[in-house]
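Everything on this sheet refers to the single structure shown next.
Here, each number is a calculation from the coordinates, and none is a lab measurement. The model shown is predicted, which means the values in this text are computed figures rather than measured ones. Every residue, glycine among them, receives a Cβ derived from its backbone with ideal geometry; neighbour counts consider all protein chains shown.
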Amino acid sequence: MILAYHGQNYVYVMLPVTVSKDTPFHLAVYSERREPLQGLLDIVNRNPTLGNPLTKKNTYGNTVLHEAVVAGNMEAVKLLLQTVPREQGEFHPSEQLQARNKLGETTLYRAASCGDKEMVEYLAKLPGQISYGKLLEDHRKRGDLTPILHAAILGQHFGFVLNLYLSQMKLLRHLQTHAAHIQMTLYFQCRNCSDVAETGSITWRHDR
C-alpha cells in the first residue's frame, strides 16, 4: 500500500488488503482528514484503467463512502461526493448515496445508526435526498425493514433521536406507523436513563 501510494506498483491500490476485503481507499478514510484519500484518488485519475474505487465494496458490502461515514470523516465524505473518476462512463458521485451494504443500509442510514447528527444533516440536504418533505424510501429503512430512527435508538443515541425530532428535516413522519415498536424498545433500553418517551402524543423529556 505504501509503495502504491508513492507511485510504485500503483495497480495494488484497487486490491483488497484486509481479511474483510477492504481496499486502501476503505482504510484511508480513518485518517480523520483528507489525506491519504486524496493521494489515492489522484493515482486513479492518473491511471483510469484501474477502474472506479468508489464502487468497490468490502465483505460487509460497504463502499468507501460507507466507511467514511462510520469514521465520521466529513472531509473524506465531501471529497468522495465531489469526485468523478476519469473515464468511468455515466457514473455520478451521487450514486454513492443510494448504494446499500449487505444489511441494506445506505450511507445516510449508517450515519443515523451511529448517532452522527452533523453527518445526517449534511447528507440529507444534498440534492435529491428529500422528496415532498420526506427522506427517500431508500434511507428510511434497511433491508430487514428496521426504520432509521429505530436503528438510532438501538444504538442508544437517544439525544440524537431527540434532536432529529426537533429538527425541520421531518424524518419522523413515518414514526406513527412504527411508534408502538419503537416505544417498547426505548422503554426497555431507557429504564435507567433520563431519556423517556411517553405514549400518546410522544412527548420527550431530556434531563441531561
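Per-residue Karplus couplings for segment 102-114, computed as 6.51 cos²θ - 1.76 cosθ + 1.60 with θ equal to phi - 60°, are listed in order as 5, 8, x, 9, 7, 5, 5, 4, 4, 4, 5, 5, 8 Hz, Gly and Pro entered as x. Put a plus charge on the Cβ of each Lys and Arg, a minus charge on the Cβ of each Asp and Glu, and nothing anywhere else: the dipole of segment 1-102 about its Cα centre is then about 180 debye.
For the set K56/K78; K56/K134; K21/K117, the pairs lying more than 27 angstrom apart at their alpha carbons are K56/K134; K21/K117.
Residues whose amide H falls under 5 Å from that of G61, counting only those 5 or more places apart or on a different chain, are K102, with hydrogens built in the peptide plane. Each peptide in 134-140, 52-58, 111-117 receives the mean, over its residues, of other Cβ atoms within 10 Å, and ordering these scores from highest gives 111-117, 52-58, 134-140.
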